[in-house]
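The next block holds one structure in the form of structure tokens; read it before the comments.
The values are calculated or read from the model by the stated rules, or taken from the named source; none is laboratory data. These numbers come from a predicted model, not from an experiment. We place every Cβ from the backbone using ideal geometry, glycine too, and count neighbours over all the protein chains shown. Remember, those area values only see protein heavy atoms, side chains included, never the ligands or the DNA or RNA. Shrake-Rupley method; radii C 1.70, N 1.55, O 1.52, S 1.80 Å.
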Amino acid sequence: MVERVDAHDQVVAVVGRGEAVRHGWLHRIAVTVSRDREGRILVQRRSEHLGRFPGHYEVASGGAVAAGESYEEAASRELAEELGVRAPVRFIVKFLNRSGLSPHWLAVHEAVVSDDLNPDPDEVVWHGWLSEPELRRSMRENLFTPDSHDILSHYFAAVDRGSVRPR
């Protein structure tokens, strides 16, 4: 169950995630851009068995915010579920995202994580650390999830305007 929200991110109702997607109702998604101590960004390749964007690359781990859960709680939970790592997440930026399967409020977080990742093999079939120039090149050459481009655009804009600093 997720919270259906309005254009101001205020709760309207509690609905099923599938129902929200099917009807194009706004709901909440939380993601985390993971960096290592050198500042490289983690890129993952999604399993071919996933229903949404199988085999695509992505720049963040994350998913739907459950009813009653905060964006930060969801980001931490998804980081643990998808990558098998627990790390503090830091809010970076939130925006209304219309790419992907349905419109949603997307909160982007950042975490500094170690190399001891234990990705869920049902979700992640490959992962690697890329510098920003390597990542930009990879995004031109490979198929990434639609959200990945928006996530990075807003993430880098927030970092560049000085509202946050990368760790």
Exactly one of V21, V31 is surrounded by 12 or more Cβ atoms within 10 Å (Cβ to Cβ) and either of a type in the set (D, E, K, R) or at pLDDT 95 or above (or both), and that residue is V31
For the stretch 37-49, does any single residue satisfy the condition of being assigned to a helix (DSSP H, G or I), surrounded by 15 or more Cβ atoms within 10 Å (Cβ to Cβ) and small (G, A, S)? no
Matching residues in the stretch 1-36 (of a type in the set (D, E) and part of a loop (DSSP other than H, G, I, E, B)) number 3
All-but-one check, R52 against (1) at pLDDT below 95; (2) assigned to a helix (DSSP H, G or I), failing number (2)
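Residues checked against (1) in contact (Cβ under 8 Å) with a residue 60 or more places away in the chain; (2) among the acidic types (D, E):
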site	(1), (2)
S99	no, no
F144	yes, no
L152	yes, no
D160	no, yes
Of (1) part of a loop (DSSP other than H, G, I, E, B); (2) open to solvent by less than 10 Å² (accessible area, probe 1.4 Å); (3) aliphatic (A, V, I, L, M), L79 fails just (1)
Filtering the stretch 82-121 down to residues that are in a strand (DSSP E or B), open to solvent by 10 Å² or more (accessible area, probe 1.4 Å) and over 24 Å from H8 (Cβ atoms) yields V112
Note on the stretch 59-76: residues of a type in the set (S, T, N, Q) and open to solvent by less than 20 Å² (accessible area, probe 1.4 Å) are S61
Selection from the stretch 1-18 of residues surrounded by fewer than 19 Cβ atoms within 10 Å (Cβ to Cβ) and touching a Lys or Arg at 6+ places or on another chain (Cβ under 8 Å) yields M1, D9, V11, V12, A13, V14, V15
